[in-house]
Amino acid sequence: GAVVSQHPSRVICKSGTSVKIECRSLDFQATTMFWYRQFPKKSLMLMATSNEGSKATYEQGVEKDKFLINHASLTLSTLTVTSAHPEDSSFYICSARDRGRADTQYFGPGTRLTVL
Amino acid sequence: AQSVTQLDSQVPVFEEAPVELRCNYSSSVSVYLFWYVQYPNQGLQLLLKYLSGSTLVKGINGFEAEFNKSQTSFHLRKPSVHISDTAEYFCAVKGGSYIPTFGRGTSLIVHP
């Protein structure tokens with residue numbers, strides 16, 4: 001089946017620094033990628049939707065200047081958490097939609113971000 | 001607008017017993033329905049999906065779900081669970097919007 005990777009799987013950083021998370025579709029082309037945030041014991045919160053070559057669409061309440069998303073190619077999207085604070089600590093999950101099979105999203109393994 | 005309700009936040013069950021995880025949805029248009037499983041500290045893995053056709057959908061790991069349009073439900077079932085089925089299960093619906101909406105998740109806890 002389709003595979004989506006995320007890197008890094010875990011990251012610990014100091015408050016005020018920026019962290020970049022990569023999401024790659026390994027065996028298919030993803031015209032659309034989604035970034036989710038998951039709090040403990042909570043469902044997935046969609047942060048933004050990115051389409052290759054265009055600006056991301058952010059959900060209401062998500063700061064676009066804080067969570068920078070770039071979808072530079074059909075297989076790579078990045079999420080950069082700028083000037084991270086402890087409240088940004090969370091589990092971030094990306095997913096990608098196969099251009100050839102628009103009905104299904106494939107999820108990455110997630111990135112655990114801890115901001116000290 | 002579309003929404004998903006997973007009625008049970010936690011379902012404890014003994015190994016080899018049957019289980020049903022409930023999911024109800026609302027949408028003003030035809031829907032696609034999905035069940036995902038999430039193991040600790042991992043992403044989501046697709047268990048099964050309903051797009052059209054037969055209302056009984058079989059997925060991986062012995063799970064199945066039945067789409068019931070009149071009751072707007074898509075309950076997930078397994079006749080005999082294993083310890084390894086312990087995980088978080090998410091129901092999702094995609095209607096008019098191309099972005100699916102996820103339920104809050106049901107934690108399945110399988111006891112020996």
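Miscellaneous remarks
- Complete set of residues in the stretch A:68-83 that are crowded, with 20+ Cβ neighbours inside 10 Å and either modelled with pLDDT of 95 or more or not polar (S, T, N, Q) (or both): A:ILE69, A:HIS71, A:LEU79, A:VAL81
- Unique residue being without any contact (Cβ under 8 Å) to a residue 12 or more places away in the chain and polar (S, T, N, Q) when the list is B:SER52, B:SER27: B:SER52
- Within the stretch A:89-105, the set of residues being over 21 Å from A:LYS41 (Cα atoms), in contact with an Asp or Glu (Cβ under 9 Å, 6 or more places away or on another chain) and surrounded by 21 or more Cβ atoms within 10 Å (Cβ to Cβ) comprises A:ARG97, A:GLN105.
- Of A:LYS55, A:LYS20, A:LYS42, A:LYS14, all but one fail to be out of contact with any strand residue (DSSP E or B) (no Cβ under 9 Å at 6 or more places or on another chain) and surrounded by fewer than 20 Cβ atoms within 10 Å (Cβ to Cβ); the exception is A:LYS42.
- Hey, A:PRO86 surrounded by 16 or more Cβ atoms within 10 Å (Cβ to Cβ) and either of a type in the set (A, V, I, L, M, F, W, C) or on the phi < 0 side of the Ramachandran plot (or both) or not: no
- In the stretch B:50-65, residue nearest to the other protein chains (Cβ to nearest Cβ) [restricted to those that are more than 16 Å from B:GLN6 (Cα to Cα) and crowded, with 17+ Cβ neighbours inside 10 Å]: B:TYR50
- For A:ALA72, the criteria (1) within 24 Å of B:TYR36 (Cα to Cα); (2) away from every other protein chain (no Cβ under 11 Å) hold in every case but one, which is (1).
- Subset of the stretch A:53-73 [under 16 Å from B:ILE99 (Cβ atoms) and aromatic (Phe, Trp, Tyr)]: A:TYR58
- For the stretch B:46-59, the set of residues classified as within 12 Å of the chain's Cα centre (by Cα) and either under 14 Å from B:CYS91 (Cβ atoms) or at pLDDT below 95 (or both) consists of B:LEU46, B:LEU47, B:LEU48, B:LYS49, B:TYR50, B:VAL57, B:GLY59, listed by residue number.
- Once the stretch A:75-93 is narrowed to residues that are within 18 Å of A:GLU63 (Cβ to Cβ) and among the hydrophobic types (A, V, I, L, M, F, W, C), the residue that is farthest from the other protein chains (Cβ to nearest Cβ) is A:ALA84.
- Selection of the stretch B:64-93 for residues being basic (Lys, Arg), farther than 13 Å from B:PRO18 by Cα and in contact (Cβ under 8 Å) with a residue 40 or more places away in the chain yields an empty set.
- The stretch A:30-55 residues that are within 13 Å of B:GLN38 (Cα to Cα) and part of a strand (DSSP E or B), paired with ones that are small (Gly, Ala, Ser) and at pLDDT 85 or above (beta carbon under 8 Å, 6 or more apart): A:GLN38/A:SER90; A:GLN38/A:GLY110
- Lone unmet requirement of (1) at pLDDT below 95; (2) over 30 Å from A:ARG24 (Cβ atoms); (3) away from every other protein chain (no Cβ under 11 Å) for B:GLY95: (2)
The values are calculated or read from the model by the stated rules, or taken from the named source; none is laboratory data. Keep in mind it's a predicted model, so treat the numbers as computed, not measured. So basically every Cβ, Gly included, is an ideal-geometry build from the backbone, and we count neighbours across all protein chains shown.
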